[in-house]
1. Checking the a/c ratio against 1.5 first, then a/b against b/c, what shape does the Cα gyration tensor give for the range 44-87?
2. Run the numbers on the range 38-128 and let me know its relative contact order in percent, using alpha-carbon pairs under 8 Å that are six or more apart.
3. Starting from the Cα-Cα distance between Leu48 and Leu100, subtract it from 0.36 nm times their residue separation and give me the gain in nm to one decimal.
4. Using r as the Cβ-Cβ distance of Arg131 and Lys66, and R0 as 25 Å, what FRET efficiency do you calculate, to the nearest 0.05?
5. Assuming R0 = 41 Å, what is the FRET efficiency of Arg138 and Ala56, from their Cβ-Cβ distance, to the nearest 0.05?
6. In the range 97-138, carbon and sulfur make up what percent of the accessible area (probe 1.4 Å)?
7. Please compute the modelled spin-label separation between Thr79 and Val121, points set 7 Å along Cα→Cβ, answer in nm with one decimal.
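The values are calculated or read from the model by the stated rules, or taken from the named source; none is laboratory data. Nothing here was measured: the structure is a model prediction, and the numbers come from that model. Quick reminder, even Gly has a Cβ in these numbers, built from the backbone with ideal geometry, and neighbours come from all protein chains shown. What goes into the accessible areas is simple: the full protein's heavy atoms, side chains included, and nothing from ligands, DNA or RNA. Shrake-Rupley method; radii C 1.70, N 1.55, O 1.52, S 1.80 Å.
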Amino acid sequence: MTTGAPTPTHPTRPRRSRLRTFLPLGVAAWAVLEIWLLTVVAGASSGLTVFLLLLAGFVFGAAVIKKAGRRAFQNLNETLQRGGTPQGGGGNGLLMLGGLLLMIPGLISDAVGLLLLIPPVQKALSRFTERTLDRKLRAAGPGSFGDAFQQARIHRPDGKVVQGEVIRDERDGDVPQGPRPPLTH
């Protein structure tokens, strides 16, 4: 029995986004560049120098992450004790990212990690990220992830979401007691 609609010979796959296409290539290029730079520095000085640089970056990155995590937890604790709601991270996220980049073996990631530890760079990057995210959320189409955030903010201007539960009052005799039909479009 046929419906008259032609059966596709090959299933149509959704088109890959640019990020899914180019991110693996970018990561591979970054890794090759890191390895090449490490070999150049090792050839110019010695393997021990490169090892000490990588070890120092790892130890310094771990210390930065530990300090940023403690500061974030302390700020959260103080805010909750005052009865307020936590607003922003206070730059702790970028500090942690900088520490993580320092811990990743490589000289380019170390340079970018050190750059993220500079307060003016943190402020500029934070403002840029906030503006970009706000613009993307405003332009989000209906039914998308960004649209969910917009809908939550529409209900309460301060952005708070009140969780609740729907309870039906079934005292009326017109409500069916049996199983309900399936929901369809």
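1. Numbers: a/c = 10.04, a/b = 5.84, b/c = 1.72.
Prolate shape, in that a/c is at least 1.5 and a/b is the bigger ratio.
2. Values: 86 pairs, mean separation 27.0, N = 91.
The normalised contact order for the range 38-128 reaches 30 percent.
3. Working: separation 52, 0.36 × 52 = 18.72 nm, distance 2.26 nm.
Answer, rounded to one decimal: 16.5 nm.
4. Numbers: r = 30 Å, r/R0 = 1.22.
The calculated FRET efficiency here is 0.25.
5. Values: r = 44 Å, r/R0 = 1.06.
The formula returns an efficiency of 0.40 here.
6. Values: 1970 of 2750 Å².
Roughly 72 percent of what the probe reaches on the range 97-138 is carbon or sulfur.
7. Placing both labels 7 Å beyond Cα along the Cβ direction yields 2.5 nm.
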